[in-house]
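Heads up, the thing below is written out as C-alpha cells.
The values are calculated or read from the model by the stated rules, or taken from the named source; none is laboratory data. Only a predicted model underlies this, so the values are computations on that prediction, with no experimental measurement involved. We place every Cβ from the backbone using ideal geometry, glycine too, and count neighbours over all the protein chains shown. For the accessible areas, the whole protein counts, side chains as well, though only heavy atoms, and no ligand, DNA or RNA atoms are used. Shrake-Rupley method; radii C 1.70, N 1.55, O 1.52, S 1.80 Å.
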Amino acid sequence: MGEILVGTCSWTDRALVGSGWYPVGRRDAEGRLRHYSERFPVVEVDASYYALPGERNSLLWAERTPDGFVFDVKAFSLLTGHPTRESAMPEGLPADHRDPAVLDEVWDRFRAGIEPLRRAGRLGSVLFQFPPWFRPGERAESFLRECAERTDGWPLAVEFRHPSWWEPGRAGATCSLLARYGMAAVAVDMIQTLPSSVPPVTPVTSPRLSVVRFHGRSSAWGTGSKEDRFRWEYGEDELAEWLPRVRRLAERTERVHVLFNNCCGDAAVRAAERMTRLLDGDAPAADRADPGGLEGLEGPGVPRARSAPASTPSPDRRPTPARSSSSSSSRRGAG
C-alpha cells in the first residue's frame with residue numbers, strides 16, 4: 001500500500017497568514033514553515049508559478065523542514081503556456097514562450113532553482129498545470145513530449161484544465177500519453193455544474209505518484225475574484241466521497257499527495273486536518289461508499305495519512321468568508 005500525504009497548496013497565502021492560524025512568535029518566514037511542517041508532511045509551492053524559484057530559498061526550505069517532508073513545486077507560468085508578466089522574467093528576457101532561446105534560459109533557471117530540493121530528496125513533484133485552452137491534439141502532445149525531455153528524472157504531475165482530456169472517449173488515450181512519459185495524472189475536486197468542470201476521475205498513470213487537488217466547489221470558478229473562486233468550506237460528507245478513491249490510488253502507487261486549494265482564510269488547513277482524521281478512521285464518515293462507483297477499501301493494510309493530530313474543526317461548512325480581502329501576490333491567477 002502506498003503512503004498518503006495530506007497538505008495544502010501554499011503555506012504563505014496572505015489570507016492564511018492573516019487568519020490567525022500561525023501562532024504569535026511563528027509568523028516570520030522561518031516560523032511559518034516550521035509550524036506548517038510540524039503538522040503536515042507535504043505542501044505545494046505555488047509562488048514558483050509567478051516567479052522563478054531561487055536556489056537560496058530551496059536550500060532554506062530543506063533546512064527548515066523535518067526529514068521526510070516534501071515540496072510539490074508548480075511549474076513557472078511560461079513553461080506551461082500561461083501569460084507571464086514581463087516583471088517576472090529574468091532581466092533582459094521577453095515573456096515569449098515561442099522563443100527557443102528564452103525557453104532554454106527559463107528552463108535552466110527553473111531547474112537550478114529547484115535543484116537543492118531534488119538533491120535533498122525533498123522534491124515531491126513538479127506540477128504542470130496547463131491552462132483551460134490546452135486541449136488534446138498534436139500540438140499538446142508535442143508540448144508534453146518536450147516537457148518530458150527537459151525534465152528527465154524528475155517526478156512530474158500534470159493537471160489538465162480542459163475537461164475534454166477526461167471525456168469517456170478520450171480518457172484512455174490521455175492515460176496512455178501521460179504514462180508514456182511517466183507523468184502522474186492529477187485528479188481534481190471542483191464544482192461539476194459548469195461547462196469547464198473537470199470530472200473527478202482518478203486515473204493512475206505513474207507507479208510512483210498520484211495527486212489529488214481540492215479546489216473547492218464555488219460556482220464562481222473561472223469568473224469571480226480569487227476569494228470568490230476558492231471560497232469553500234469542505235464538509236466531512238464531501239471529503240468522505242473521496243476516501244475510497246484516495247485509498248484505491250494508494251493501492252496502485254507508492255505515494256498519494258492530497259492537496260487543498262480552497263485558500264480563503266484557514267479553510268484549506270482545516271480541510272486538510274479533517275481529511276487526515278477521516279483517512280485515519282476517526283470519523284464514521286470514513287465508511288461511506290464512493291458515489292463514483294469505486295468500492296471503499298477498509299480493513300488491514302489501509303494506508304494512514306501522515307500528519308500531526310488535527311485540531312478540532314469548526315462545525316460550519318459550505319462557502320466560507322475570506323479572512324483577508326486582499327489577494328496574495330503569489331495567488332493572482334492560477335489555482
Scan 256, 269, 246 and give me the residue that is part of a strand (DSSP E or B) and among the hydrophobic types (A, V, I, L, M, F, W, C). 256
Give, as residue ranges, the strands (runs of 3 or more DSSP E) completely inside the stretch 1-112 that count at least 1 residues that are open to solvent by 20 Å² or more (accessible area, probe 1.4 Å). 3-9
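Could you please find all residues in the stretch 120-146 being part of a loop (DSSP other than H, G, I, E, B), open to solvent by 50 Å² or more (accessible area, probe 1.4 Å) and hydrophobic (A, V, I, L, M, F, W, C)?
Filtering the stretch 120-146 down to residues part of a loop (DSSP other than H, G, I, E, B) leaves 120-122, 130-137.
From what's left, open to solvent by 50 Å² or more (accessible area, probe 1.4 Å): 120-121, 132-133, 135.
Within the stretch 120-146, 120, 133 meet the criteria.
Return the only residue of 136, 90, 53 being at pLDDT below 95 and farther than 22 Å from residue 254 by Cβ. Walk me through it before giving the result.
Numbers: 136 fails: at pLDDT below 95; 53 fails: at pLDDT below 95.
Sole residue among the options that is at pLDDT below 95 and farther than 22 Å from residue 254 by Cβ: 90.
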Within the stretch 169-198, restricting to residues that are among the β-branched types (Val, Ile, Thr) and in a loop (DSSP other than H, G, I, E, B), the one that is nearest to the chain's Cα centre (by Cα) is 198
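Got a sec? Which of 291, 315 is part of a loop (DSSP other than H, G, I, E, B), modelled with pLDDT under 50 and either within 20 Å of residue 213 (Cβ to Cβ) or of a type in the set (Asp, Glu) (or both)?
Details: 315 fails: either within 20 Å of residue 213 (Cβ to Cβ) or of a type in the set (Asp, Glu) (or both).
Checking each option against the conditions leaves just 291.
Would you check which residues across the stretch 148-168 are among the acidic types (Asp, Glu) and part of a loop (DSSP other than H, G, I, E, B) and list them? Explain how you work it out, then say what you get.
Applying the first criterion (among the acidic types (Asp, Glu)) to the stretch 148-168 yields 149, 152, 159, 167.
Those that are among the acidic types (Asp, Glu) and part of a loop (DSSP other than H, G, I, E, B): 152, 167.
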From the list 211, 246, 201, pick out the single residue that is crowded, with 23+ Cβ neighbours inside 10 Å and closer than 25 Å to residue 147 by Cα. 211
Residue pairs, Cβ under 6 Å, 6 or more apart or interchain, first in the stretch 6-32 and without any contact (Cβ under 8 Å) to a residue 12 or more places away in the chain, second surrounded by 15 or more Cβ atoms within 10 Å (Cβ to Cβ). List them. 26/35
Would the stretch 63-76 turn up any residue that is farther than 23 Å from residue 249 by Cα, at pLDDT 95 or above, among the hydroxyl-bearing types (Ser, Thr, Tyr) and touching a helix residue (DSSP H, G or I) at 6+ places or on another chain (Cβ under 8 Å)? yes
What pairs come out if I take residues in the stretch 154-174 that are at negative phi and buried (at least 17 other Cβ atoms within 10 Å of the Cβ) and pair them with residues that are of a type in the set (Ser, Thr, Tyr) and part of a strand (DSSP E or B) whose C-beta lies under 7 Å away, six or more apart or interchain? 155/125; 156/125; 157/125
